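The values are calculated or read from the model by the stated rules, or taken from the named source; none is laboratory data. These figures come from a predicted structure and were not determined experimentally. Cβ atoms come from the backbone with ideal geometry, glycine included; neighbour counts cover every protein chain shown. Side chains included, ligands, DNA and RNA excluded: accessible areas come from the protein's heavy atoms. Shrake-Rupley method; radii C 1.70, N 1.55, O 1.52, S 1.80 Å.
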Amino acid sequence: MVTRRLTTPLTEDEVRSLKVGDEILIDGYIYAARDAAHKRMITSIEQGQQLPFDPQGQMIYYVGPCPAPPGKVIGSAGPTTSGRMDAYTPPLLERGLRGMIGKGDRSQAVVDAMKKHGAVYLAAVGGAGVYLAERIVSVDPVAYPELGPEALLRLEVRSFPCVVAIDCEGKNIYEQVRRKLDVSPNKEELYDEKP
Amino acid sequence: MREIHCEQIKAAVKDCVLKANLELPGDIVIALQEAAEKEESPRARSLMKIMLDNAEMAIQQQMAVCQDTGLVAVTICMGQDVHIVGGDISEAVNAGIRDGYREGWFRQSVVSDPLERINSGDNTPAVIHYEVSAGDHFSITVFPKGAGSENMGQLTMLKPSQGLEGVREFVVKVVKEAGGNACPPLVVGVGIGGNMEMAAYMAKKALLRPVDRRHPKNELAALEIELLGLVNQLGLGPQGLGGESTALAVNIETYPTHIACLPVAVSLSCHATRRSSCEL
Ligand code: SF4
């Protein structure tokens, strides 16, 4: 397990050097977007319009934060379940997106696109909304303010902690955890054991 | 006839949603601490340390424990000798949520229509259940629940012949399929029996019981412990990134059922299981 610091924007080489299980601290700008913002971005792509930001070298954080209480730049801001963005992700990877931050596993189509274009998927701690909000130092609206908590934002982060969950070779921490279970000699017992 | 005014209900609901979203219940905090002490994986330990730090920071900074402040389920247990005055009871509940979510700077996470998907703008309406029985008591329980864990719940109609074995298999399957999505360590609520909606309701009710309290019936208490063991053998660990702490507890509730039915519902709740109750 290695802890590495990364500053966005990222190059393909930097991203390809990251290995599953590496612990990462991110500095720089990342983009906050979840379901509704993704849907809008994909519609723009389909209609040949420009995206509200250039994904080249950037990272998207799947988050819909709480509103900022007085004196704070943002409210609680932990990751949301990434799988809901699977359908929207490959077209963004084609356009140079270098990474996504969220929680939970991704589809094979996303993993294949990550391998092809050189991108990583990072897991942040779900439910640690206050802890993570503290690592966000500034927030700029980018697009879709009418979506409220689902608006597209640019977040400036300092030492934002993540784990590489799926790397550019498609090595997947969730699969490793599952595989450990599947080869477990206790598997039969798991279903048959009586108290 | 005891009278309760809608203004009292509104104020109580507001206090409850504020408390629930800002303060993890004590039983959850202790269970997380105990799990972290027992855990052998360094990553799992450090993740649970972050979760505990986060819970403390939420109280200090008066910020929501988790940004997904959820769709609020409210259970009102009331005596049939209570008379509600000063308005509509369900409107009072929703008004309390509206006030609490505004005052707490909580996220508005509700869309008014499941297909049109326009944000309702004030986190209402709640899902409200009324349980009426003899007496003049009145209690409110709020259970704001995020979608990450809610989306991973499942219900099945087993054949009675599948029995206990079928229940075991189903519970383990649901937890396994949830992976990291439901933000483990989980509280696993299991509802067995009733009909389709009662099984789901029992699973939710089970989640409201503190994790350090086993079912009063010995056989069910033993089943809860057994299922917790099976689930923790899965190795999913905190956030599904590996470890023994996949769940903090399995809570079961049962209900009589039809001679031909064995419904089983499993509702998962995350490490940020938030609930709060009060009596009027
Ligand atoms: S599953 Fe729970 S802890 Fe995780 S993001 Fe949702 S509400 Fe928060």
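What the table below lists for this structure:
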item	result
Some residue of the range A:49-71 being facing chain B (nearest Cβ under 10 Å), in contact with a strand residue (DSSP E or B) (Cβ under 6 Å, 6 or more places away or on another chain), buried (at least 24 other Cβ atoms within 10 Å of the Cβ) and under 21 Å from residue A:163 (Cα atoms)	yes
Of all residues making up the range B:106-152, the number that are within 14 Å of chain A (Cβ to nearest Cβ), within 16 Å of the ligand (Cβ to nearest atom) and either of a type in the set (A, V, I, L, M) or touching a Gly at 6+ places or on another chain (Cβ under 8 Å) (or both)	12
Lone qualifier among B:209, B:214 - being open to solvent by 10 Å² or more (accessible area, probe 1.4 Å), closer than 20 Å to residue B:275 by Cβ, of a type in the set (D, E, K, R) and within 14 Å of chain A (Cβ to nearest Cβ)	B:214
Pairs, first closer than 25 Å to residue B:238 by Cβ in the range B:252-272, second outside any loop (DSSP other than H, G, I, E, B) and open to solvent by 10 Å² or more (accessible area, probe 1.4 Å), C-beta under 6 Å, six or more apart	B:252/B:220; B:265/B:155; B:265/B:200; B:266/B:154; B:267/B:204
Yes/no for residue B:7 being open to solvent by 10 Å² or more (accessible area, probe 1.4 Å) and either outside the structural domain of residue B:182 (by TED's automatic domain parsing) or more than 15 Å from the ligand (Cβ to nearest atom) (or both)	yes
The range A:145-169, subset closer than 30 Å to residue B:118 by Cα, surrounded by fewer than 18 Cβ atoms within 10 Å (Cβ to Cβ) and away from every other protein chain (no Cβ under 12 Å), residue farthest from the chain's Cα centre (by Cα)	A:145
Hey, residue B:70 at positive phi, out of contact with any Phe, Trp or Tyr (no Cβ under 7 Å at 6 or more places or on another chain) and within 16 Å of the ligand (Cβ to nearest atom) or not	yes
Where a residue in the range A:6-26 is at negative phi and its partner, wherever it lies, is of a type in the set (Val, Ile, Thr) and exposed (fewer than 15 other Cβ atoms within 10 Å of the Cβ), with Cβ under 6 Å and at least six apart	A:22/A:2; A:23/A:3
